[in-house]
Amino acid sequence: MGSTGFVPIQGTSDLSRIEAPVTFKAYLLCAFAAFGGIFFGYDTGWMGGVVIMPYFVSMYTGVPYDYDEKRYIGIANSENFALPSSTVSLMTSILSCGTFFGALIAGDLADFIGRRITIIYGCLVFSGGCVLQIASTNQEALFVMGRLVAGLGVGFISAVIILYMSEIAPRKIRGALVSGYQFCITLGILLANCVTYSTSKRSDSGSYRIPIGVQFLWALILGVGLYLLPESPRYHVQKGKLDMAAKDLAIVRGQPVESEFIKDELAEIVANHEYEMQMIPQTSYIGSWMACFQGSLRKGNSNLRRTLLGTGLQMAQQVTGINFIFYFGPIFFKQLKNGPDPFQTTLVSTLVNVVSTPISFVAVEWFGRRMLLLLGGVGMIIAQYIVAILGVTAGRENANGEHNEAAVKAMIAFICINIFCFATTWGPVGWVTVGESFPLPIRSRGVGLSTASNWFWNCIIATITPFMVGNDEGGLGPSVFFVWATLTIFSLIFAYFLVPEMKGLTLEQIDQMMEEVSPRKSVGWVATTTFAAEMGHLRDQKKPHSSAGMAHDFPGSAQYPSSPGAMYADAYFPK
Ligand code: BGC
């Protein structure tokens, strides 16, 4: 350290300089990572279509299908013939089980080998899972194993993309960029529906093998793209490799590495990390996981509160029941006799999801995270109760087993309104908030835990829903929306009490804000000082601001060189 050609890291007390200006090319670069959402969405979307394909059902039940007559041979009620609910449940939910573990493992890997490489590994694991699924022919165990392995890969990708994007995105558009990830999730679901729709009537194994095989393309694009993108500068700061962090930062901001802007931003990231390391000392491997659960529930910025915020918000997002429509839409719409074609209806609902999501790009930075969650929650509750009430009144099945056509159409319309409300609010904001909620020392694990929570609840819903609505089981039908609406009330309460407003703040300022105000008072909070100033890393060597700026004490700042954060006292980066 300290070799010629390097200068010590020093920052600024000027709040307007804590993030370097960003070029258009750099914006595009950050946006590419959003492509990872395609995996998530596509894998969520294709299974629902495949489990009702005649070829697939016939293969797993052994009941032959007459493709000319469009009926299962020898089955009295051929219209309602389907795979057993237990098979649908296993095949659908096993993916989320894999993703749950994948997200947790990725939380570790992202800190050990880096964000970028973890995502690339995720693409490889995922491709391995696809090979197993394609190789299976009426081999449930192999198929399920393939879903599990692909799920591990999706878990890696879904957790670390959020981490990576949140860490490289410029603060003013961080919400919009991460919403871009959500947009890609919705595109993935739509693509899956289009592909399964186009192969659904095939009388050969291409009907299910083609939708699975298409996924190799996503793995290739994301893997190669990420290979070319830089690592997250915050990862290199965490590893103490400030010269590399400076180079990464210069690329993601589109600035020369020697620019004063880059130095100022890097100094701020370093100073914040130094501060957080004093607050959250890194002890052992187990200790680093335990750190995610430390602190008091009452303290807004304690690790426990942040972990609760991330995991709870993901749970709250899932219990809105959105995946009921995306996983089981074809089955549910098939149950509504006199309604439009179930495949087409599912396609329309996924289209609504896609076209409404871009509204969130603007809304998330305009209204903020908190307001969107509250508005979206209210909208979903109303729409879902209306669907449920219609289902038990005008849309009720008559003695001939038919439904009133107008009522079915109205139910589908309100399901679409519900999707609109989700797509513009809880869908994107769930992910935006998770990427923003954790301090650097526990960020990858916190995001991993939160993503795992998403998949855990996703898995629970995918497992139990077929039993709730399946004709051979609970047969709840549209009444299932009473359940989702009531659970969404819980989500709304969660958002009101626990989600702070983070729009426009740097990840480092979010730390400050959480420490100083409660979620309900967080709207309008403004930073008054920088971490570089507080930690005494100023170019002009001015004294740190008084505690009027930050309400916390900086345990190491007075005797900074001897503090645990002193690992950065000798930090250098290229001139
Ligand atoms: C959720 C997914 C869901 C998707 C629908 C995401 O935010 O996490 O579970 O399938 O939105 O668009």
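The values are calculated or read from the model by the stated rules, or taken from the named source; none is laboratory data. None of these values were measured; they are calculated from a predicted model. No Cβ is skipped: glycine too gets one built from the backbone with ideal geometry, and neighbour counts run over all protein chains shown. When the accessible area is computed, the model is the full protein with side chains, heavy atoms only, and any ligands, DNA or RNA have been set aside. Shrake-Rupley method; radii C 1.70, N 1.55, O 1.52, S 1.80 Å.
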With a 1.4 Å probe and all protein chains left in place, how much of the accessible area of the chain comes from carbon and sulfur atoms, in whole percent? 66
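In the structure displayed, which of 201/409; 241/263; 172/241; 239/521 lie more than 23 Å apart, Cα to Cα?
The pairs that break the limit, which is 23 Å between Cα atoms, are 201/409; 172/241; 239/521.
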Gained length - residue 32 relative to residue 80, 0.36 nm times residue gap less alpha-carbon distance: 13.0 nm
Whole-Å distance linking the alpha carbon centroid of region 184-227 with that of region 398-462 is 21
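Based on the Cα coordinates of region 129-220, what is the per residue volume of their convex hull in Å³?
Taking only Cα atoms, region 129-220 has a hull volume of 88 Å³ per residue.
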Which is farthest toward the positive dipole end of the chain among 530, 41, 439, measuring Cα position about the Cα centre, with Cβ charges +1 (Lys, Arg) and -1 (Asp, Glu)? 530
Place +1 on the Cβ of every Lys and Arg and -1 on the Cβ of every Asp and Glu in region 237-394, take the dipole about the Cα centre, and give the residue among 303, 273, 313 whose Cα lies farthest towards its positive end. 313
Based on alpha-carbon centroids, what's the gap between region 48-65 and region 498-524 in Å, whole number please? 51
Values of log10 I(q)/I(0), in the order q = 0.07, 0.10, 0.11 Å⁻¹, for the chain under a Debye, Cα-only, solvent-free model: -0.43, -0.81, -0.95
Could you tell me what % of all Cα pairs in region 349-487 have separations over 19 Å? 61
How would 46, 525 line up by accessible area, probe 1.4 Å, largest first? 525, 46
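Rounded to the nearest 20 Debye, what is the dipole magnitude of the chain about its Cα centre when Lys and Arg each give +1 and Asp and Glu each give -1 at the C-beta?
380
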Could you order 290, 165 by accessible surface area, starting with the largest, using a probe radius of 1.4 Å? 290, 165
